[in-house]
Amino acid sequence: MIHQFSYMAPTELDDLLALLDTTKGGFKLLAGGTDLLVNIRNGLLKPDLVIDVKRIAGAGAITYDVEKGLQLGWATTINDIISSTEIAKHYPLLQACACDLASYQVRNRATVVGNIVNASPCSDMAPALLCLDASILVATATTRKTIPIQKFFTGVKQTVLQPREMVVGITIPSHTKDSKGVYRKLKRIQGHDLGIVGVAVAMVEGRLRIAVSSAAPTPVITDDLPLDVSAPDALYAVERIINPISDIRCTKEYRRFMVSEFTKRLIQEVRA
Amino acid sequence: MKIQVTVNGIAYEKDVAEHRTLLHFLRDDLGLTGTKEGCGAGECGACTVYFNGKTVNSCMVLAVEANGGTIETIEGEAQDGVLSRLQDAFDRHHAVQCGFCTAGMIMSARELIHHTPHPTVKEIQDGLEGNFCRCTGYEQIIEAILDATGGYREKEELVYVREQ
Ligand code: FES
Ligand code: FES
């Protein structure tokens, strides 16, 4: 790495938040590093200070409670999600999306929070989090607030987060637990690749919702649809929220086509 | 920053620059050049090592992040000059051509076998999805892992199916 920076790894959350509040110069938070370190290497980011968030006890926690739902830490990794038996049981869609993210060794480092604060249109975790009504817990040294994930993304690689704010967890409420859900991601190869499009369909409290990645500036989700929605109505609902572009991976027409194909197939699967 | 790490059972205390990757620390500071750098960006898996019991792309880990941790690399795979079961199977099945991917392949294969002791062809393909090989065409690598885990039969057709 050519760009030089200093490194700090606080061991208490309060110290970390205080550091965010007072530090001068450009800084970046380091969790899994699977995006940050690549971007620093490429010269896209040049932070003066890199703050490691993983040395704090509980950073990678997963806690489940029947009443309160699921709580993920700010450094919970994708493989932590995959190996959690409670998530497998109660939030299978979250696990389905996790399994399709990058490669095994990347999943050992990459974090759920990192995947959403990065706010890539092709985020793999966002479709599940959108379908499951996740909320993002945001903290500064003096404030705490909760942002519904539907309001979190504002554009390509952009979120509502302010520079000195940090995501300190994700809550997935109990009313979406035990929801059936399926995810399909189109890739150029079957292994490790970014998505061309991704579609998740979930059945939440007797209604259907469809979330799509890589087909709009942000991951998007439809309004709730009746369980017996007709295929044309479901496709219409999806058409209204997507706005794909053509890029090196494929054309916008192909993206549109595959989003409708996956939507049709996944609705069948989720109803089966 | 001063860091302490244990690599292949040996404890080191070294001063490293904050922006140094674990990969460059291993290769350039410790001279453990078995681990390779292919892409430097998490795509190829040539740099895969064990860090605190899990495989990671060492090109995307800072050496300072490893402070206090335990690393295992390909140099720790053979014991007293005797190849490990996996290495031996790779050798017999010609799963090594240029060898650039091999260190990473062995690390990922070891992790796979750790959680799936008797993997199917599909499980091997999934377990190695983050490791590219530009020489062998993968078939010999898959055969070697099947062999090392007791799942290989001579002349058995490998069927490449992956449910969608
Ligand atoms: S060198 Fe690390 S993944 Fe390619
Ligand atoms: S043996 Fe050459 S890249 Fe795999």
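Of note:
- Chains B and A, summed buried accessible surface - 1.4 Å probe, Å², nearest 100: 2600
- Point-charge dipole on Cβ atoms (K/R +1, D/E -1) for the range A:6-52, about Cα centre, debye to 20: 360
- Accessible carbon and sulfur surface of the protein assembly as shown relative to its total accessible area, %, 1.4 Å: 51
- Solvent-accessible area lost in complex, 10 Å² minimum, residues of the range B:110-124 relative to chain alone, 1.4 Å: B:E111, B:H115
- The Cα atoms of the range A:149-272 define a convex hull whose projected area, averaged across directions, is 9.0 nm².
- The range A:175-272: GluC sites (Glu not before Pro) falling in loop per DSSP and having at most 14 other Cβ within 10 Å: A:E205
- Chain A, dipole about Cα centre (Lys/Arg Cβ +1, Asp/Glu Cβ -1), debye to the nearest 20: 640
- Alpha-carbon centroid distance for the pair the range A:212-234 / the range B:20-64, whole angstrom: 41
- Amide H contacts of B:G69 (H built 1.01 Å from N, under 5 Å, at least 5 apart or other chain): B:T6
- Of all segments of chain B bounded by GluC sites (Glu not before Pro) found in a DSSP loop with no more than 12 other C-beta atoms within 10 Å, the longest spans B:1-153.
- In degrees, nearest ten, helix B:102-115 long axis to first principal axis of chain B (Cα): 80
- Residues with amide H under 5 Å from that of B:G38, placed H, sequence gap 5 or more: B:A46, B:C47
- Shielding by partners - mean other protein chain Cβ count within 10 Å, residues of B:52-61: 6
- Distances between every pair of Cα atoms in chain B, grouped in 5 Å steps from 0 to the bin holding the largest one, split as 2, 9, 18, 21, 19, 13, 9, 5, 2, 1, 0 percent.
- Check: the range A:62-175 dipole with +1 on Lys, Arg Cβ and -1 on Asp, Glu Cβ, in debye: 340
- Cross-link table A:K145/B:K14; A:K151/A:K187; A:K24/A:K177; A:K28/B:K36; A:K24/A:K252, entries beyond 32 Å C-alpha to C-alpha: A:K145/B:K14; A:K24/A:K177; A:K24/A:K252
- Rounded to the nearest 10 degrees, the inclination of helix B:139-148 to the longest alpha-carbon principal axis of chain B is 90 degrees.
- In this structure the amide hydrogen of A:Y7, modeled in the peptide plane, comes within under 5 Å of the amide hydrogens of A:V50, none closer than 5 places in sequence on its chain.
- Per residue, in Å², the accessible surface of chain B once ligands and nucleic acids are set aside, probe 1.4 Å: 46
- Surface/4 estimate of mean projected area, convex hull on alpha-carbon atoms of the range A:1-141, nm²: 8.9
- Estimated from helical segments only, the mean residue ellipticity of the protein assembly as shown at 222 nm is -8000 deg cm²/dmol, where each DSSP H run of four or more residues counts as -39500 (n - 2.57).
- With 5 Å bins from 0: P(r) over chain A, alpha-carbon pairs, percent: 1, 6, 13, 17, 19, 17, 12, 8, 5, 2, 1, 0
- Under Karplus coefficients 6.51, -1.76 and 1.60, residue-wise ³J(HN,Hα) of the range A:42-55 in Hz, glycine/proline x: 6, x, 6, 10, 9, x, 7, 9, 10, 10, 7, 9, 8, 8
- Karplus (6.51, -1.76, 1.60) ³J(HN,Hα), θ = phi - 60°, over the range B:44-52, in Hz, Gly and Pro reported as x: 9, x, 4, 9, 4, 9, 8, 10, 6
The values are calculated or read from the model by the stated rules, or taken from the named source; none is laboratory data. Just so you know, these numbers come straight off a predicted model, no measurement behind them. Please note: Cβ atoms are built from the backbone with ideal geometry, for glycine as well, and neighbour counts cover all protein chains shown. Surface areas here come from the heavy atoms of the whole protein model, side chains and all, with no ligands, DNA or RNA. Shrake-Rupley method; radii C 1.70, N 1.55, O 1.52, S 1.80 Å.
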